[in-house]
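Participant: Questions regarding the structure given below will be posed in turn.
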Amino acid sequence: MKHIDTILFDLDGTLIDSSDGVVEAVNYSLAQLGEPIQPPEKIKPFIGFPLSTMYPHFSDKPIKDLYAHFQVKAADTVVQSTIVLPHVEDVLCQLKDAGYTMTIASTKIRKHITGVIDKFGWDKYFKAYSGGDEVKHVKPAPDIFSLTLKKIQATEKHSIVVGDTINDIYAAQGVPIPVIAVHSPYGDKEELVKSKPNYIIDSIEELLPLLQGHSNA
């Protein structure tokens, strides 16, 4: 691996857990259209995927209507419920001190990303961020990573993606840009392996040693 100086992070499942707020908003949207609510264990595996991928599993009502109701509730629940995943704060601090340029490229809409960054005071860590409402095609399309690189006037040459779902892996491969998969609180590790990321780590704590080890090779 060549020297890496720029990191494009996914958000949900990689840096944060907003699952309680997402579950609440999904069930609100289903209830508004007379559909049965779903248990959290059925909804959480879809976090990080487009809502259009999830809704057909629970309803045949128009996705645009479900999406509209979701956003109404999500405005109150998603940022409010968000917590930082273990070790993330320390790792971000270490990466900043080590001189890495960090960005966020998420399927979440931009205003929710802004809310998360404001909530945790993360503006000191991230040079730029991009949301799913800023691109025509969300992950697994590569658009969000290409847009984020463009915002910071960087290329894939010295950059890497860190994400927790197969959508992150496939989107990175579409650029193409190297990708590190981190084990997700929601996802399936076997599926990650099948998607063939460049590296897999069990914890975000392993990120800096991996980058330093390979950057100095």
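FYI, it's all coordinate maths here, none of it is from the lab. Since the model is a prediction, treat every value here as computed from it, not as a measurement. Cβ: placed from backbone, ideal geometry, glycine included. Neighbour counts: every protein chain shown.
Participant: Output needed: percent of Cα pairs per 5 Å distance bin for the stretch 16-85, bins running from 0 to the one holding the longest distance.
Facilitator: With 5 Å bins starting at 0, P(r) equals 3, 19, 31, 28, 13, 4, 1.
Participant: Report the residue, chosen from Val79, Val26, Val193, that carries the largest GNM mean-square fluctuation when the chain is represented by alpha-carbon nodes joined by springs under 10 Å.
Facilitator: Val193
Participant: Report relative contact order for the chain in percent, whole number only (criteria: Cα-Cα under 8 Å, sequence separation at least 6).
Facilitator: Values: 378 pairs, mean separation 56.8, N = 217.
Once divided by the residue count of the chain, the mean separation gives 26 percent.
Participant: Using the Karplus equation 6.51 cos²θ - 1.76 cosθ + 1.60 (θ = phi - 60°), what ³J(HN,Hα) coupling, rounded to whole Hz, does each residue of the stretch 163-177 give in order, writing x for Gly and Pro?
Facilitator: Karplus-based 3J(HN,Hα) across the stretch 163-177 equals x, 10, 10, 4, 4, 5, 5, 5, 5, 5, 5, x, 5, x, 8 Hz.
Participant: In nm, give the distance between the simple-model label positions of Gln80 and Ser203, each being 7 Å from the Cα along the Cα-to-Cβ direction.
Facilitator: 3.3
Participant: Oh, and also: Rounded to the nearest 0.05, what FRET efficiency is calculated for Asp123 and Asp188 with R0 set to 30 Å and r the Cβ-Cβ distance? Don't skip to the end; give the middle numbers.
Facilitator: Numbers: r = 33 Å, r/R0 = 1.09.
It comes out at approximately 0.35.
Participant: Taking the Cα atoms only, what angle lies between the long axis of helix 63-81 and the longest principal axis of the chain, rounded to 10 degrees?
Facilitator: Tilt relative to the chain: about 60 degrees.
Participant: Taking the Cα centre as origin and putting +1 on Lys and Arg beta-carbons and -1 on Asp and Glu beta-carbons, what dipole magnitude results for the chain, to the nearest 20 debye? Don't skip to the answer; put the middle values down first.
Facilitator: On the way: 21 positive and 28 negative charges, 147 e Å.
About 700 debye.
Participant: Where a Cα-Cα gap under 29 Å defines reach, which lysines qualify for Lys96, not counting those fewer than 8 residues away within the same chain?
Facilitator: Hits, sequence-local ones excluded: Lys2, Lys108, Lys111, Lys119, Lys124, Lys127, Lys139, Lys150, Lys151, Lys157, Lys189, Lys196.
Participant: For the chain, set up a Gaussian network in which alpha carbons nearer than 10 Å are linked by springs, and say which option among Gln153, Gln94, Gln173 fluctuates the most.
Facilitator: Its mean-square fluctuation being the largest, the pick is Gln153.
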